[in-house]
1. Ranking V68, V235 by Cβ neighbours within 10 Å, fewest first, what do you get?
2. State whether region 125-198 is rounded, prolate or oblate according to the following rule on the C-alpha gyration tensor (a ≥ b ≥ c being the square roots of its eigenvalues): a/c under 1.5 gives rounded; otherwise a/b larger than b/c gives prolate, and the remaining case gives oblate.
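Quick note: the coordinates plus some simple rules give every number you see, no bench work behind them. Only a predicted model underlies this, so the values are computations on that prediction, with no experimental measurement involved. Counting neighbours? That spans all protein chains shown, and the Cβs are built from the backbone with ideal geometry, glycine included.
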Amino acid sequence: MKSTPGTLQEGGAHFHTTDWTLILQAAEGPVPAAAQRALSDFCEVYWPPLYTFVRRRGYSPSDAQDLVQGFFAHLLKRNTLRRADRDKGKLRTFLLGSLQHFLANEFDRSQTLKRGGGIELLSFEDQLPATEAALAELPHLDDTASYDQAWLTTLVSRAWEQLQRECAAEGKVQILQELEPYLRGGSIMPDQQEIATRLKVPFGTLRTILRRLRQRYREILRQEIARTVSDPSQVDDELRYLHRLLLAG
C-alpha cells in the first residue's frame, strides 16, 4: 500500500482526544462504557504492528496471537500505563518498548497469565490474512522496521477508510475510485482527461475535485497521527518519520 509523499506532509490538523487519554483512564481503574468501547477500538487498531513485531521474533501465528492478547491484558490491568511518561509520548515507541519488556518476562508469567490471561480483547480473524501477507512482502525488514511499517499501514488504511465513508455519504464513490491512484500512488497513472470523460465533468472540475480530495485525505491522516501522540506539536515529527518509511518501503 502506497501513498504519495504529499499525503503525509501537507494539510491542516484538527486535534481530538488522543489515545493516551483513553489508556491512562484505563490505568486509573474502571472506565465508563464509552471509554471501554474506545479502548476496545484502541486494541483493534494497534494489534497489527505489535503482532508483526512478535512474528518477526520467530513466534508462530498462534503463539503471536496469544502473546498480543496477553500483552494487552497486561497493559490494561497492571501499572504499566501509570508509569507512562506522556511528556515523551508517542504511542508507537511506548507500546514497542512495553511489548519488548513483556516478551522478555513472558516465560515467568506464562503459567499465571496463560499468555491471554483468560481475557479475549481482540478478534484477529478480519485483519490476520492481510497482516500475514504484509509480513511476507517485506521479508528483508527486521522486527522493529516491520513494526513501524505495520504501524504506517494501519494509519494509512484507517485514513483511507474514513475518506471512503465520507465520499459514500456524498455520493462520490465512483469519483474516489477513479482518482484513487492519484491519492494513494501507483506505478501506472490513468489519464486524467479520460477520467473526466468517464465522469462527464469538465477537466478543470476534475482537477479541483482531486485537489480537494488530496487535502481532505491529508487532514484525516493528520487526525489519525494526532491520536497517537501526547502533544499536537509532535504530529509533524511523526509525519516526517512516516514519510521516510513510505519512501523506504
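1. The fewest-first ordering by Cβ neighbours comes to V235, V68.
2. It is prolate, given that a/c is not under 1.5 and a/b is the larger ratio.
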